[in-house]
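Derivation of every value follows stated rules applied to the coordinates shown; laboratory data play no part. Owing to the predicted nature of the structure, the values given are computational and were not obtained by experimental measurement. Ideal geometry is used to build each Cβ from the backbone, glycine not excepted, and the neighbour counts take in all protein chains shown.
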């Protein structure tokens, strides 16, 4: 069963059920009110009869008194203490053999005689012979029966007449509710079949939940389209970057097969080139895998870190590994709360980048700002043109293509650094001047005070 049908059937049944319940309640209420009115009239008539019986003398025929107070379309009956009839007067022969008893706890009883409703009230009285008797006032409710039948017909007709607009309104309601969902479904099917990222139109004006679903869908489509384009560009760039070292390896391997076994110089040149390009390709693959990780769901191990000590050790390691002059400057011991492993990885990437593009000294310094700790990495290399700073952290972007080939750069290091910084909530600022050098500054949030408060 489709959702439209479910909504239509459910709402229709619900409304009709409620209508039937209301109409039934109206019917029963009217019936009870009518009976209560008749009972009150009978009780009033009975009180008048009792008052009259107290005043009559023995020479008055009691049947005449009973006849005077007989209900319309009814009967008056007098019973002794043994429930034997002493006297009675009646309007119709239908009431000749009626036998009714007032239910315990009630002042009247209701029954049917030949399909016609009848009510009775009874009360004790002193008869003319000074004996205690029971006087019963019985009345046929012919008019009530007619009125109730008329009311039943009216309510049935009203139910049928009201059910028609209910059906129409429910159909319209289901259409209104499902229209945005149908548009959403159609758009999703179209996107699936065509591989596009089309969005739903005209959803900004609505303020209900369905409009919110449409806006969320459009946002999702925009994000998917952006990520798809990034992925497509990434794959394109990656295939291009991997193709170059593979081509170099293949060409030198063929050269090695042709001349390498007879020419030692050619063999060494070929093997060195193969090793170099293999290493560069390996670095490229490792960095690509690093970028492919979902950084949003990385588990961070936030611990107190002595930044001063960590940087001093890192600089010493870089100095020994590359036989370069890495200088470290710090006036005080600084601490931060962060993930030590990922912070080290970020700093290594920036130090390695500075090493590749500068033949001179590299200076690492730290200082305390108001609510941050600053780490600066300064080189005195080729610098970066101002128009290229905006693309510095793009994947596979190279400031100088031939320079990167010589230094073994992949164009992914700074992209990885930017993603690590985002995960660690670290801001990266870059200042650079061509032929002068570049300075990368890391602004690390100082969580020391907040951590102390949390520990308390």
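Fully extended, how many nm does the chain gain between residue 213 and residue 175 (0.36 nm per residue separation, minus their Cα-Cα distance)? Spell out each step's value before the answer.
Values: separation 38, 0.36 × 38 = 13.68 nm, distance 1.69 nm.
Working it through step by step, the gained length comes to 12.0 nm.
If we count other beta carbons within 10 Å of each Cβ, what is the order of 258, 215, fewest first? Walk me through the numbers before you get to the answer.
Details: 258 12, 215 15.
Least crowded to most crowded, the residues run 258, 215.
Taking 0.36 nm per residue of sequence separation and subtracting the Cα-Cα distance, how much length would be gained by fully extending the chain between residue 188 and residue 319, in nm to one decimal?
That pair, residue 188 and residue 319, stretches by 41.5 nm at full extension.
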Next item on the list: Mind giving me the nanometre distance, one decimal, between the label points for residue 14 and residue 43, set 7 Å out from Cα along Cα→Cβ?
Entry: 4.3
Check: Hey, fewest Cβ within 10 Å first, where do 77, 319 land in order?
Finding: 319, 77
Next item on the list: Would you work out the relative contact order for the range 3-153, in percent, from Cα pairs under 8 angstrom that are 6 or more residues apart?
Entry: 22
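Using the number of other C-beta atoms within 10 angstrom as an exposure proxy, rank 274, 16, 444 with the fewest first.
Working: 274 19, 16 16, 444 24.
If I rank by nearby Cβ atoms, fewest first, I get 16, 274, 444.
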Notebook entry, point to check: On full extension of the chain, what length is gained from residue 436 through residue 149, given 0.36 nm per residue of separation minus the C-alpha to C-alpha distance?
Noted result: 92.8 nm
Next item on the list: Grab the beta carbon distance between residue 348 and residue 394, set R0 = 25 Å, and tell me the FRET efficiency rounded to 0.05.
Entry: 0.75
